[in-house]
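To start, the structure under review is shown below, and the notes come after it.
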Amino acid sequence: MLKDASIVREGDYILLYYSKNKKIIAKATRDKKIHTHEGIVDCNEIIGKKYGDIITTHLGQPLIVTRPTFLDFLTKFKRKTQVIYPKDLALIVFLSGVGPGSIVVEAGTGSGFLTAALAYYVRPDGRVYSYEIRRDFLEIARKNLSLCGLLPYVDLKHKDIVDGIDEKNVDAVILDMPNPWDVVPHAKEALKDGGVFVSFLPTINQVEKIVEKLIHENFLDVLTIETLLRKIKVKKGETRPETFMIGHTGYIVFARKP
Ligand SMILES: C[S@@+](CC[C@H](N)C(=O)[O-])C[C@H]1O[C@@H](n2cnc3c(N)ncnc32)[C@H](O)[C@@H]1O
């Protein structure tokens with residue numbers, strides 16, 4: 001019999017929504033109590049509810065039981081390194097052409113934000129091989145990936161990618177590290193013909209250096225972009241861009257192996 005997807009089942013991740021800035025992700029586990037800023041919720045009361053139903057905390061606060069998106073999980077990730085923001089993650093994933101079944105090599109893992117985004121899209125048959133030189137960062141990434149159930153699609157490797165890439169015939173090599181030019185020859189060897197190279201870099205000086213290296217190694221279609229994202233304040237008769245925005249995160253360099 002088909003399961004009714006509109007019902008919360010044991011083991012489902014749920015989002016308890018109080019307001020735009022007050023949301024909590026939790027796993028619906030029998031006999032568990034969820035502690036929120038608005039009071040305690042009994043998981044047994046949530047299991048079997050319909051998504052969209054309202055549940056009341058022990059303080060009498062109503063919370064809407066809804067579904068978390070991948071982005072909601074990212075907001076719960078621990079950060080021990082500089083991380084890639086959703087505006088850049090989205091573009092990197094799209095530019096790299098990564099999709100279900102893709103084999104991707106990534107470095108460095110850092111806090112695992114990009115790793116998670118890649119794993120989310122290569123599921124269920126693809127794989128992300130993520131290189132990181134710091135063991136402590138790998139542990140943070142491992143916890144973050146476990147939180148959203150994406151660890152089974154990732155190989156976390158404690159290895160300096162400058163020493164070489166073990167995998168062959170990969171669809172994409174994606175780097176967020178200070179010296180990606182040292183990896184370009186390894187990336188060329190690891191990528192399948194027509195495979196994609198992407199590098200995320202905070203400074204123009206690094207961009208010049210990587211582009212020069214990619215051209216020297218005969219990569220095609222070299223493209224450098226920056227994405228600026230503006231939130232819009234929507235209010236009747238006063239709708240306009242928000243005053244403040246994130247001015248700079250990094251540049252994305254894309255290239256294709258011939
Ligand atoms: C900015 S962080 C990456 C953040 C990550 N993309 C995220 O979204 O969470 C850069 C990481 O690259 C790692 N790193 C630097 N050089 C490396 C190398 N040669 N091989 C593997 N990892 C490296 C650093 O230890 C650091 O964790």
Task: In the stretch 233-257, residue surrounded by the most Cβ atoms within 10 Å (Cβ to Cβ) [restricted to those that are in contact with an Asp or Glu (Cβ under 7 Å, 6 or more places away or on another chain) and not aromatic (F, W, Y)] - done: A255
TODO: Filter the stretch 1-43 for residues that are of a type in the set (A, V, I, L, M, F, W, C) and not in a strand (DSSP E or B) and give the result.
DONE: M1, L2, A5, V8, A28, C43
- [ ] Sort out which residues of the stretch 160-194 are within 10 Å of the ligand (Cβ to nearest atom) and either of a type in the set (A, V, I, L, M) or within 23 Å of the chain's Cα centre (by Cα) (or both), and write them in order of number.
- [x] D160, I161, V162, I174, L175, D176, M177, P178, N179, P180, V183
TODO: Considering each of E226, E217, E242 in turn, give the residue that is in contact with a Phe, Trp or Tyr (Cβ under 7 Å, 6 or more places away or on another chain) and in the same structural domain as V184 (by TED's automatic domain parsing).
DONE: E226
Task: Leading residue by the ranking (farthest from the chain's Cα centre (by Cα)) among those in the stretch 82-93 that are near the ligand (Cβ under 9 Å from one of its atoms) and surrounded by fewer than 17 Cβ atoms within 10 Å (Cβ to Cβ) - done: Q82
Open item on the list: Could you check the stretch 126-156 and list, in sequence order, the residues that are touching a helix residue (DSSP H, G or I) at 6+ places or on another chain (Cβ under 8 Å) and either within 12 Å of the ligand (Cβ to nearest atom) or of a type in the set (S, T, Y) (or both)?
Closed with: V128, S130, Y131, E132, A141, N144, L145, Y153, L156
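Here is a yes/no grid of residues against (1) out of contact with any Leu (no Cβ under 7 Å at 6 or more places or on another chain); (2) at pLDDT 95 or above; (3) farther than 14 Å from V105 by Cβ:
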residue	(1), (2), (3)
K188	yes, yes, no
I204	yes, yes, yes
V207	no, yes, yes
K213	yes, yes, yes
L220	yes, yes, yes
T224	yes, yes, yes
L229	yes, yes, yes
K233	yes, yes, yes
- [ ] Taking only the stretch 94-118 into account, find how many residues are within 12 Å of the ligand (Cβ to nearest atom) and either among the aliphatic types (A, V, I, L, M) or closer than 25 Å to K168 by Cβ (or both).
- [x] 12
Open item on the list: Please list, ordered by residue number, the helices (runs of 4 or more DSSP H) wholly in the stretch 63-179 having 3 or more residues that are under 13 Å from F200 (Cβ atoms).
Closed with: 86-96, 113-122
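The values are calculated or read from the model by the stated rules, or taken from the named source; none is laboratory data. Values in this document were obtained by computation on a predicted structure and should not be read as measured data. Methodologically, a virtual Cβ is constructed for each residue, glycine included, from the backbone with ideal geometry; neighbour enumeration extends over all protein chains shown.
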